[in-house]
1. Hey, got the average number of other protein chain Cβ atoms within 10 angstrom for residues in B:340-349?
2. Quick one: grab the alpha carbon gyration tensor of segment B:55-139, order the square roots of its eigenvalues as a ≥ b ≥ c, and give me rounded if a/c is under 1.5, else prolate or oblate depending on whether a/b is larger than b/c.
3. Along the charge dipole of the protein assembly as shown, which of B:Gly277, B:Gly24, B:Val96 sits closest to the positive end, that is, farthest toward it, with unit charges on the beta carbon of Lys, Arg, Asp and Glu (+1, +1, -1, -1)?
4. Using unit Cβ charges (K, R positive; D, E negative) and no other charged atoms, how large, in debye to the nearest 20, is the dipole of chain B about its Cα centre?
5. Among the lysines, which fall within straight-line cross-link reach of B:Lys362, defined as a Cα-Cα distance under 21 Å, with same-chain neighbours fewer than 8 residues apart omitted?
6. Where a ≥ b ≥ c are the square roots of the eigenvalues of the C-alpha gyration tensor, would you call chain B rounded, which needs a/c under 1.5, or, failing that, prolate if a/b is larger than b/c, or oblate?
7. Any chance you could check segment B:30-47 for residues losing 20 Å² or more of accessible area when the partner protein chains are in, compared with the chain on its own (1.4 Å probe)?
8. Taking 7 Å along the Cα-to-C-beta vector as the label spot, tell me the B:Lys348-A:Ala62 distance in nanometres, rounded to one decimal.
Amino acid sequence: MNKIYYSPSHEYIRVEGNTGYIGVSDYAQQQLGNVVYVDMPEVDDEITAGDDFGAIESVKAASDLIAPVDGTVIEVNEALADNPRLVNEDAMNNWIIKVEIADPAQLDSLLDEEAYKALCAAEH
Amino acid sequence: MEENKRTCLYPEHVSLKALISPFGGFDMPIQYRGIVEEHNAVRNACGIFDVSHMGEVSITGTDAERYVNHIFSNDVTDAPVGKCFYGMMLNPRGGVVDDLLVYKRGDESFFLVINASNIDKDVAWIESNASGFDVKVENLSDFYGEIAIQGPKAEEVVEDVLGIHVSDLAFYTFKEVTYMDKPAIISRTGYTGEDGFELYAPHDVTVATWRRLIESGKAEPCGLGCRDTLRFEVGLPLYGDELADDITPVEAGLTMFVKLDKPEFIGKEAVAAQKAGGPARKLVGLELLDRAIPRHGYEVLAADTDEVVGVVTTGYHAISVDKSIAMALVNTPYAALGTPLRVRIRRKTFPAVVVKKKFYNKNYKK
């Protein structure tokens with residue numbers, strides 16, 4: 001089972017079992033423009049739903065990355081350290097952190113693909 | 001909340017689908033195609049900017065020269081008509097009221113170009129210091145539009161697309177022209193570190209000029225986003241970042257634009273005293289050894305203690321030099337070239353080193 005959820009702050013979490021791959025949505029990378037730096041947490045760091053776990057920077061500004069769920073970081077995408085523009089090239093496949101999800105019930109409060117699309121359309 | 005103003009070119013920005021954000025009390029285009037593309041267009045070819053938000057003030061009268069010299073840090077004495085000067089208006093403490101360009105239009109006529117965010121403050125300052133001088137002060141900010149045409153191909157574009165003869169204009173000079181049947185001013189000036197021109201004209205001429213430039217396909221529309229990255233890379237200050245009412249030209253490293261040999265001007269004593277005694281802090285360049293990006297307001301720390309020794313004024317992962325760099329105001333003991341420092345970026349600190357703040361060489365046509 002592989003399902004994608006979104007937060008209103010434009011992070012996604014792709015869920016495989018108890019593992020979540022968290023990144024920013026394609027809409028978010030378009031709005032950011034050229035990504036020049038991704039500030040990532042470290043392996044074993046705890047993340048808390050609603051709190052920032054890092055930041056993503058375009059030329060102009062830094063934007064916080066907000067955790068969609070509680071969890072523990074099990075891997076960070078090291079490729080982004082050297083090549084942050086991968087986020088622009090393919091945001092959905094270039095996840096930022098891989099986490100062990102603490103409470104899968106929190107996923108229910110996130111947006112599914114359809115609801116997220118509606119949110120982006122309304123923002124635009 | 002007060003509504004932001006819009007320049008005469010606002011509808012053009014909307015039709016070009018610009019990303020629009022507030023700046024200096026105006027809704028301004030931040031980018032069109034993208035900051036990086038626009039930045040590179042100016043470094044390599046030609047970009048055009050709507051800078052109609054800038055303020056213009058005319059000072060005329062028999063005491064015009066004496067009065068400009070009273071409020072302006074640079075020296076306009078006996079200058080030829082057609083010369084531009086960069087400098088500052090200072091307060092009595094030596095702090096910067098604004099940085100500006102002064103154009104000498106005639107022996108009794110000067111034209112001041114001031115920052116959008118400071119128009120009200122500046123006009124009040126200029127008027128309040130004019131007593132005892134036979135001058136007339138007029139705020140023409142709502143009359144003039146302004147387009148900056150910048151880059152190595154700017155001269156070609158102004159000549160070929162606009163048909164204005166500028167190849168004879170020297171750097172920091174201007175001429176008065178009749179363009180599209182209206183009076184206009186064009187100067188060889190800019191804020192990008194590249195060769196370029198700035199055209200001041202009534203709103204209808206400004207709009208027609210912009211359209212002509214866009215339709216030519218030879219000029220990239222550029223937003224304030226890349227205007228900031230461009231000026232930053234060549235170490236030019238921005239009011240509100242590197243300059244403020246409580247930052248002096250001595251601290252900002254701009255004393256070459258403060259003529260202490262003039263008989264008098266507001267702020268002279270304070271600047272002279274600070275220059276003699278040495279400032280407590282200085283504006284420096286910082287280069288980070290990591291990709292993390294220092295931004296305005298971030299703390300600068302000593303290398304080996306947690307003492308805060310300064311603050312970042314502007315920082316980017318710079319486009320033309322591909323490094324994370326910043327300008328920062330730091331305490332003088334930490335301002336020497338090569339000094340190791342750290343910058344606090346969110347939860348971590350990153351090592352940095354003091355470097356020259358001219359990160360990229362200017363390419364002016366002098």
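The values are calculated or read from the model by the stated rules, or taken from the named source; none is laboratory data. Note that the structure is a prediction, hence the values are computed from the model and not measured. Because the Cβ atoms are built from the backbone with ideal geometry, glycine has one as well, and the counts that use them run over all protein chains shown. What goes into the accessible areas is simple: the full protein's heavy atoms, side chains included, and nothing from ligands, DNA or RNA. Shrake-Rupley method; radii C 1.70, N 1.55, O 1.52, S 1.80 Å.
1. Numbers: counts 0, 0, 0, 0, 0, 5, 6, 5, 1, 0.
Average neighbour count from other chains, rounded to a whole number: 2.
2. On the way: a/c = 1.42, a/b = 1.28, b/c = 1.10.
Cα axes put segment B:55-139 in the rounded bin.
3. My answer, from the dipole projection, is B:Gly277.
4. Working: 41 positive and 53 negative charges, 266 e Å.
So the dipole magnitude of chain B works out to roughly 1280 debye.
5. B:Lys83, B:Lys153, B:Lys323
6. In terms of gyration-tensor shape, oblate.
7. Relative to the lone chain, where solvent access is computed with a 1.4 Å probe, segment B:30-47 loses at least 20 Å² at B:Ile35, B:Val36.
8. 1.1 nm
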